[in-house]
């Protein structure tokens, strides 16, 4: 089980006093966090109309930057949101913000792009006429040690991942109410995060991360039809294939999940976070299992290779 009864999330980080004085990028300006503001007429604030990316800085380099930009630019194109910047300009803005904060490693970034300020407080995209709003928040951030070993508790929740023609989960959008509701349902059940099913009742993802189980030496994850196309998720699948670890993207139910030998989550912040129990049922011995640890080692070796 978890090492204590405190509520955890996959984004729990060690406190760092330096974050009280971070500088934030807002539309080309780099300002103190207390001065970083957007308009109440901004389409992101008003409607959740925008896309974002979470990235990590290792040794001065953004891990898997190309894949993150693919997802960001593809998502923005799909909703006709012109970022107003090239990939090279985004990279330059990230580097300038990191330099202004004297940040080099163990840094988490949230890059946010909205459709911009609206001329009236209504829904139609044509009312956003001043160009996009671009914000970059960087924090000194390391996952807490207890999550690397003890894991987190999940509860299956009634909130499901929607159909692609409802709101495709592949959009990393500012509209996160679906996931927030799942998180609230998990909290009401006494868990840390919610395990969400797809519209057909198969296990899909959590409210914050992609989800994997290990059964008899095989790694299983969802088909990907209803979940975020996670960069870390894909890296884990690729690593398994490259290292002769059987991996399957498939439909499976809570039945197979409860009897799994191991379970873990993937995400940019926590990389691979073990799961201790689901709906009160212990998974394995309640801590990071051998396959989770092996995949974590392979992933960190890949990051080191990428950042040189």
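The values are calculated or read from the model by the stated rules, or taken from the named source; none is laboratory data. No experiment lies behind these values; they were computed from the predicted model shown. When we count neighbours, we look across all protein chains shown, and the Cβ atoms used for this are built from the backbone with ideal geometry, even at glycine.
Of 239, 293, which residue is free of Cβ contacts under 8 Å to residues at least 12 places away in the same chain, assigned to a helix (DSSP H, G or I) and either over 19 Å from residue 179 (Cβ atoms) or outside the structural domain of residue 164 (by TED's automatic domain parsing) (or both)?
Sole residue among the options that is free of Cβ contacts under 8 Å to residues at least 12 places away in the same chain, assigned to a helix (DSSP H, G or I) and either over 19 Å from residue 179 (Cβ atoms) or outside the structural domain of residue 164 (by TED's automatic domain parsing) (or both): 293.
Condition check: touching a helix residue (DSSP H, G or I) at 6+ places or on another chain (Cβ under 9 Å) and closer than 30 Å to residue 277 by Cα. Does residue 141 satisfy that?
So residue 141 passes the test.
Take the conditions touching a strand residue (DSSP E or B) at 6+ places or on another chain (Cβ under 9 Å), at pLDDT 95 or above and assigned by TED's automatic domain parsing to the domain that holds residue 168 and apply them to residue 287. Does it pass?
The answer is no for residue 287.
Can you find, within segment 152-185, the residue that is modelled with the highest pLDDT among those that are assigned to a helix (DSSP H, G or I) and over 18 Å from the mean Cα position of the chain (by Cα)?
Applying the filter and picking the extreme gives 185.
Looking at segment 94-119 only, could you name the residues that are farther than 24 Å from residue 41 by Cα and not in a loop (DSSP other than H, G, I, E, B)?
94, 95, 96, 97, 98, 99, 100, 107, 108, 109
So residue 280 passes all but one of these: (1) closer than 28 Å to residue 166 by Cα; (2) exposed (fewer than 15 other Cβ atoms within 10 Å of the Cβ). Which condition number does it fail?
Just one mismatch for residue 280, condition (1).
Restricting to segment 5-21, give me the number of residues that are modelled with pLDDT under 90 and surrounded by 11 or more Cβ atoms within 10 Å (Cβ to Cβ).
Residues in segment 5-21 being modelled with pLDDT under 90 and surrounded by 11 or more Cβ atoms within 10 Å (Cβ to Cβ): 9 in total.
Return the only residue of 129, 161, 153, 115 being in contact with a strand residue (DSSP E or B) (Cβ under 9 Å, 6 or more places away or on another chain), more than 22 Å from residue 35 (Cβ to Cβ) and free of Cβ contacts under 8 Å to residues at least 24 places away in the same chain.
129
Would it be correct to say that residue 60 is surrounded by 13 or more Cβ atoms within 10 Å (Cβ to Cβ), touching a strand residue (DSSP E or B) at 6+ places or on another chain (Cβ under 8 Å) and in contact (Cβ under 8 Å) with a residue 12 or more places away in the chain?
So residue 60 fails the test.
Can you name every residue in segment 66-93 that is touching a strand residue (DSSP E or B) at 6+ places or on another chain (Cβ under 7 Å) and more than 22 Å from residue 125 (Cβ to Cβ)?
68, 93
If you take the residues of segment 272-290 that are under 16 Å from residue 236 (Cα atoms) and free of Cβ contacts under 8 Å to residues at least 60 places away in the same chain, which of them is nearest to the chain's Cα centre (by Cα)?
Going through the qualifying residues, I end up with 272.
Out of all the residues in segment 120-131, is one or more part of a loop (DSSP other than H, G, I, E, B), modelled with pLDDT under 95 and surrounded by 13 or more Cβ atoms within 10 Å (Cβ to Cβ)?
yes
Taking segment 254-271 as the region of interest, how many residues are closer than 15 Å to residue 146 by Cα and surrounded by 23 or more Cβ atoms within 10 Å (Cβ to Cβ)?
Result for segment 254-271: 3.
Could you check segment 242-277 and list, in sequence order, the residues that are under 26 Å from residue 164 (Cβ atoms), modelled with pLDDT of 95 or more and not in a strand (DSSP E or B)?
Across segment 242-277, the qualifying residues are 250, 251, 252, 253, 254, 255, 256, 257.
Of the residues 217, 190, 194, 224, which is surrounded by 16 or more Cβ atoms within 10 Å (Cβ to Cβ) and at positive phi?
Answer to the check: 224.
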